[in-house]
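Before any comments, here is the structure.
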Amino acid sequence: RRGQTPDGPLAGARVLVSAGGTREPLDPVRFLGNRSSGKQGVAIAAAARDAGAEVTLVAAHLETPVPAGVEVVHAGTAEQLRRACVRAAARADVVVMAAAVADYRPARVADAKLKKAEDGSAPVLELVRNPDVLRELVDLRNTARRRQLLVGFAAETGDAETDPLTFGRRKLARKGCDLLAVNHVGENLVFGQDTTTLTVLSAAGGPEQVLEGPKDEVARGLVQRIAQELAAVRG
Ligand code: CTP
Ligand code: CA
């Protein structure tokens with residue numbers, strides 16, 4: 001495989017990366033989606049490959065080319081992504097959930113394109129919760145007592161009272177993953193951009209690490225940190 005270094009820090013490791021954003025259909029032509037381009041996740045997949053890992057990329061509507069030398073599994077919706085991730089995670093040493101997974105989906109998907117109401121009224125969309133894939137992977141890992149490193153991403157804007165990192169620390173505790181990479185998001189911040197700022201939080205109490213710069217550089221930094229944490233998990 002191109003780019004693989006047999007003696008890299010992740011040599012022999014299997015890494016699953018999810019990237020992009022899921023789309024939840026309303027009818028054959030419409031969906032609820034998000035602004036994730038998949039650039040950060042794809043950069044992580046490429047960095048893990050370069051570190052010697054065997055990489056599976058679960059890709060949801062990427063707006064960026066897939067890297068060479070990684071196995072790609074396409075997933076459109078949260079449910080499809082859940083299935084692909086559960087399958088690939090069974091043999092993964094590391095899982096990085098960089099995908100923006102829709103929290104909700106329309107309760108019903110129309111078979112035919114929806115038409116406007118003749119009386120001029122607007123519809124009210126009923127939504128249902130999607131499964132939390134990362135939580136499920138944490139539960140599966142813990143039940144199987146697998147030595148697996150689970151890395152979540154949190155896109156946080158913060159609000160009037162709470163800064164993004166405080167939300168991130170709460171989320172790390174709630175999710176039960178080992179690392180949480182927190183970045184600030186907003187209209188023109190992070191999404192689709194080539195540069196990013198990311199703070200890595202560790203459940204085991206390791207240092208909070210700030211990675212800043214082009215997404216591929218940040219990805220290499222995160223992969224380095226992952227390799228260190230994986231060595232600790234494996235003992
Ligand atoms: N995630 C997931 N399945 C979902 C939602 C999120 O696996 N249904 C994963 C994301 O891939 C990410 C992490 O969980 O790695 C955090 O996603 P985020 O949307 O920040 O967290 P949520 O738990 O959905 O919390 P919030 O209410 O802030 O959206
Ligand atoms: Ca969410």
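Confirm whether Glu71 is away from ligand 2 (no atom under 16 Å from the Cβ) and at pLDDT below 95.
Values: away from ligand 2 (no atom under 16 Å from the Cβ): yes; at pLDDT below 95: no.
When the stated conditions are applied, Glu71 does not pass them.
Exactly one residue out of Glu71, Glu79 is touching a Ser or Thr at 6+ places or on another chain (Cβ under 7 Å) and either farther than 24 Å from Gln193 by Cβ or away from ligand 1 (no atom under 11 Å from the Cβ) (or both): that is Glu71.
Taking the conditions (1) at pLDDT below 95; (2) within 26 Å of Gly12 (Cβ to Cβ); (3) surrounded by 13 or more Cβ atoms within 10 Å (Cβ to Cβ) in turn, Val218 satisfies each one other than (1). On the basis of being surrounded by 15 or more Cβ atoms within 10 Å (Cβ to Cβ), under 19 Å from Gly152 (Cβ atoms) and not aromatic (Phe, Trp, Tyr), does Val95 make the cut? Yes, satisfied. For beta carbons closer than 7 Å, sequence separation of 6+ or different chains, a first residue in region 78-90 that is farther than 10 Å from Leu16 by Cβ and within 16 Å of ligand 2 (Cβ to nearest atom) and a second that is of a type outside the set (Lys, Arg) and at pLDDT below 95, there are no qualifying pairs. Among the residues of region 133-170, those that are out of contact with any strand residue (DSSP E or B) (no Cβ under 9 Å at 6 or more places or on another chain) and of a type in the set (A, V, I, L, M) comprise Leu140, Ala144, Ala160. Taking residues in region 143-162 that are within 15 Å of ligand 2 (Cβ to nearest atom), and partners anywhere that are part of a loop (DSSP other than H, G, I, E, B) and at pLDDT 95 or above, the pairs with Cβ atoms closer than 7 Å and at least 6 places apart or on different chains are Gly152/Cys177; Phe153/Ala98. Under the condition of being among the charged types (D, E, K, R) and farther than 17 Å from Ala100 by Cα, which residue from region 163-184 is nearest to ligand 2 (Cβ to nearest atom)? Restricting to residues being among the charged types (D, E, K, R) and farther than 17 Å from Ala100 by Cα, the top hit is Arg174.
Of the residues Gly152, Gly206, the single one that is over 26 Å from Arg83 (Cα atoms) and open to solvent by less than 30 Å² (accessible area, probe 1.4 Å) is Gly206. Of all the residues in region 99-149, those that are among the basic types (Lys, Arg), open to solvent by 60 Å² or more (accessible area, probe 1.4 Å) and within 16 Å of ligand 1 (Cβ to nearest atom) number 3.
Checking Thr195, Thr162, Thr166 one by one, the residue that is under 19 Å from Ala19 (Cβ atoms) and surrounded by fewer than 21 Cβ atoms within 10 Å (Cβ to Cβ) is Thr195 and no other. The residues of region 221-235 that are open to solvent by less than 90 Å² (accessible area, probe 1.4 Å) and either in contact (Cβ under 8 Å) with a residue 40 or more places away in the chain or closer than 15 Å to Leu180 by Cα (or both), listed by number, are Gly221, Leu222, Val223, Arg225, Ile226, Ala227, Glu229, Leu230, Val233.
Please verify whether region 46-56 includes one or more residues that are surrounded by fewer than 20 Cβ atoms within 10 Å (Cβ to Cβ) and under 19 Å from Pro214 (Cα atoms). The answer is no; no qualifying residue exists.
Could you check, for region 48-57, whether at least one of its residues is within 12 Å of ligand 1 (Cβ to nearest atom) and outside any helix (DSSP H, G or I)? Within region 48-57 (the criterion being within 12 Å of ligand 1 (Cβ to nearest atom) and outside any helix (DSSP H, G or I)), the answer is no, since none of the residues qualifies.
Out of the residues in region 188-204 meeting the condition of being modelled with pLDDT of 90 or more and either out of contact with any helix residue (DSSP H, G or I) (no Cβ under 9 Å at 6 or more places or on another chain) or of a type in the set (S, T, N, Q) (or both), tell me which one is nearest to Ala173 (Cα to Cα). So that I can check it myself, show each step before the final result.
Applying the first criterion (modelled with pLDDT of 90 or more) to region 188-204 yields 197-204.
Then drop every residue that is not either out of contact with any helix residue (DSSP H, G or I) (no Cβ under 9 Å at 6 or more places or on another chain) or of a type in the set (S, T, N, Q) (or both), which leaves 197, 199, 202.
Details: Thr197: 21, Thr199: 15, Ser202: 10 Å.
This residue is Ser202.
The values are calculated or read from the model by the stated rules, or taken from the named source; none is laboratory data. Computed from a prediction, not measured in an experiment: that's the story for all the values here. Here Cβ is always computed from backbone atoms with ideal geometry, including for glycine, and neighbour counts include all displayed protein chains. Remember, those area values only see protein heavy atoms, side chains included, never the ligands or the DNA or RNA. Shrake-Rupley method; radii C 1.70, N 1.55, O 1.52, S 1.80 Å.
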